[in-house]
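Take a look at the structure below.
The values are calculated or read from the model by the stated rules, or taken from the named source; none is laboratory data. Because the structure is predicted, anything quoted here is derived from the model rather than measured. Cβ coordinates were reconstructed from backbone atoms using ideal geometry, including for glycine residues, and neighbour counts include every protein chain displayed. What goes into the accessible areas is simple: the full protein's heavy atoms, side chains included, and nothing from ligands, DNA or RNA. Shrake-Rupley method; radii C 1.70, N 1.55, O 1.52, S 1.80 Å.
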Amino acid sequence: TTEAAAAMYGLATAGLSTEQIIGGAAEATVLLANATGGDMTQAAHVATDAMALWGISADQMGESINGVTGVSNASKFDLNDYALALAQGGGVAAMAGVSFEDFNATIAATSSFFSSGSDAGTSLKTMLASLAPSTDKAAGAMMELGLITEDGSNAFYDANGNLRDMTDIVGLLNGATQDLTEEQRAQYLQTIFGNDAMRTAGALAGMTADEYAAMYATVNQGTSAMEQA
């Protein structure tokens with residue numbers, strides 16, 4: 001009871017109103033902590049950060065925490081690692097147009113390549129920033145792989161300039177690199193994304209779009225925080 005009260009206090013200090021807290025945020029926070037074995041106060045921070053970054057309402061949190069629980073179940077990351085990944089990469093991901101569900105699936109899919117959630121989140125945000133090349137060398141490498149066309153169109157963005165969903169991005173990375181040697185793949189990924197972000201890019205390039213879609217379904221649709229709790 002004391003822990004739940006502390007979690008509710010954390011929700012309040014993060015700016016949630018009494019109506020939001022009793023309207024679903026408090027229950028979702030307690031369920032998240034129980035489902036992942038994490039700390040309730042930390043669960044409150046995860047809940048409020050996700051709400052703020054992706055505009056999730058209090059009454060939607062009960063469903064949204066299923067995805068966070070799914071990351072814990074489908075990867076080596078616990079709630080603490082997820083909180084660190086969210087802190088490092090969530091803001092850039094949300095601003096770039098990555099959905100909350102895609103963020104969850106990507107963190108789960110790449111977790112084995114990192115020692116911590118903080119490392120995974122940092123690499124992801126750098127990779128997302130590198131999808132629009134900032135150097136001629138990176139742009140040239142992307143053009144050689146067919147990710148940038150002769151007219152300058154970037155395959156990672158649609159005709160309106162919006163970032164494609166992560167299933168499409170994974171498919172593009174996999175298709176562009178699948179026929180390369182290991183040495184060539186490493187060189188291209190390093191040129192385009194840099195040493196840090198190439199770990200996330202390499203992990204995603206090693207998956208097919210179907211494999212990523214399966215991870216997406218497992219994380220976001222195959223887990224019930226209520227049942228897990």
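Working from Cα pairs under 8 Å separated by at least six residues, relative contact order for segment 70-214 is 26 percent. Each of Gly67, Thr18, Ser116 was placed along the dipole of segment 1-144 (beta-carbon charges, centred on the mean Cα), and the one lying farthest toward the positive end is Ser116.
Computed over protein heavy atoms with a 1.4 Å probe, the accessible surface of the chain works out to 46 Å² per residue.
Take each uninterrupted DSSP H stretch in the chain, measure its Cα extent along the helix axis, and return the ones at 15 Å or beyond whose mean Kyte-Doolittle hydropathy is at least 0.0. Flagged H segments are 2-13, 26-36, 40-54, 61-74, 100-110, 117-130, 166-177. Estimated translational diffusion coefficient (Stokes-Einstein, Kirkwood radius over Cα pairs, 4 °C, 1.567 mPa s) of segment 26-121: 101 µm² per second. When the solvent-accessible area of segment 1-144 is split by element, carbon and sulfur atoms take up 51 percent of it, the probe being 1.4 Å.
Placing unit charges on the Cβ atoms only, positive for Lys and Arg and negative for Asp and Glu, gives the chain a dipole magnitude near 360 debye about its Cα centre. Ordered by solvent-accessible area of protein heavy atoms (1.4 Å probe), largest first, the residues Asp59, Asp39 come out as Asp59, Asp39. Here the Debye sum runs over all C-alpha atoms of the chain as equal scatterers in vacuum, and log10 of I(q)/I(0) at q = 0.09, 0.11, 0.15, 0.18 Å⁻¹ comes out as -0.38, -0.55, -0.92, -1.22. Each Cα pair under 8 Å and six or more residues apart adds its separation to the average, and for segment 2-136 the resulting relative contact order is 21 percent.
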